[in-house]
Amino acid sequence: QVQLVESGGGLVQAGGSLSVSCAASGRSFSGYAVGWFRQAPGKEREFVAAIKWIGDYTIYADSVKGRFTISRDNAKNTLYLQMNSLKPEDTGVYYCAAKRLGIPTMNGGEYAYWGQGTQVTVSS
């Protein structure tokens, strides 16, 4: 049974940095894609970034390119999102997600497994 648990959210000033993590368990994730989504109050869920569990292919939302970096530590079964130059519009609940047949995509409907989320708040 796949389980995803996010951690590392918090409050940060605009321009600052924060890293969030996702501990994955329950399966071998070979062949999966894993990614980050976020949801701000009153807004729809938004794709942030995704990566293959094996291999170097990554994709990013235009809104975070150059500021955010998605990475993995496969030995630790952990997914990371390093967020730099944070803006108030980055505020939201950040979710990690995983999908089988693991080509990274931007469509949250293709991800079968989700964590509970971690709150990131960026103040001006």
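The values are calculated or read from the model by the stated rules, or taken from the named source; none is laboratory data. These numbers come from a predicted model, not from an experiment. Positions of Cβ are generated from backbone atoms using ideal geometry, with glycine treated the same way; all protein chains shown enter the neighbour counts. Note: accessible area is taken over every heavy atom of the protein model, side chains too, but ligands, DNA and RNA are not part of it. Shrake-Rupley method; radii C 1.70, N 1.55, O 1.52, S 1.80 Å.
From the list Val34, Val64, Val20, pick out the single residue that is at pLDDT 95 or above and farther than 24 Å from Gln1 by Cβ.
The match here is Val64.
How many residues, within segment 89-111, are in contact (Cβ under 8 Å) with a residue 60 or more places away in the chain and over 21 Å from Ala14 (Cβ atoms)?
Here the count works out to 14.
List pairs: first residue in segment 56-79 and touching a residue at least 24 places away in the same chain (Cβ under 8 Å), second residue open to solvent by 40 Å² or more (accessible area, probe 1.4 Å) and small (Gly, Ala, Ser) anywhere in the structure, Cβ distance under 6 angstrom, at least six positions apart or on different chains.
Cβ pairs passing all conditions: Thr78/Ala23.
Could you check segment 9-51 for strands (runs of 3 or more DSSP E) lying wholly inside it with 3 or more residues that are open to solvent by 20 Å² or more (accessible area, probe 1.4 Å), without any contact (Cβ under 8 Å) to a residue 60 or more places away in the chain and not hydrophobic (A, V, I, L, M, F, W, C)?
Fully inside segment 9-51 and qualifying: nothing.
Residue check, Ile54 against (1) of a type in the set (A, V, I, L, M); (2) touching a Ser or Thr at 6+ places or on another chain (Cβ under 8 Å); (3) farther than 27 Å from Gln1 by Cβ, all met but one. Which one?
(3)
Just to be sure I understand, how many residues within segment 52-74 are over 23 Å from Ser25 (Cβ atoms), over 14 Å from the mean Cα position of the chain (by Cα) and open to solvent by less than 50 Å² (accessible area, probe 1.4 Å)?
Within segment 52-74, residues that are over 23 Å from Ser25 (Cβ atoms), over 14 Å from the mean Cα position of the chain (by Cα) and open to solvent by less than 50 Å² (accessible area, probe 1.4 Å) number 0.
Kindly provide the set of residues from segment 106-117 that are open to solvent by 30 Å² or more (accessible area, probe 1.4 Å) and assigned to a loop (DSSP other than H, G, I, E, B), ordered by number.
Answer for segment 106-117, where residues must be open to solvent by 30 Å² or more (accessible area, probe 1.4 Å) and assigned to a loop (DSSP other than H, G, I, E, B): Met106, Asn107, Ala112, Gln116.
Does segment 78-88 contain at least one residue that is assigned to a strand (DSSP E or B), open to solvent by 30 Å² or more (accessible area, probe 1.4 Å) and either of a type in the set (Asp, Glu) or under 18 Å from Gly9 (Cβ atoms) (or both)?
Yes, because at least one residue in segment 78-88 is assigned to a strand (DSSP E or B), open to solvent by 30 Å² or more (accessible area, probe 1.4 Å) and either of a type in the set (Asp, Glu) or under 18 Å from Gly9 (Cβ atoms) (or both).
Filter segment 66-119 for residues that are of a type in the set (Ser, Thr, Tyr) and touching a Lys or Arg at 6+ places or on another chain (Cβ under 8 Å) and give the result.
Thr78, Tyr80, Ser85, Tyr94, Tyr95, Thr105, Tyr111, Tyr113, listed by residue number.
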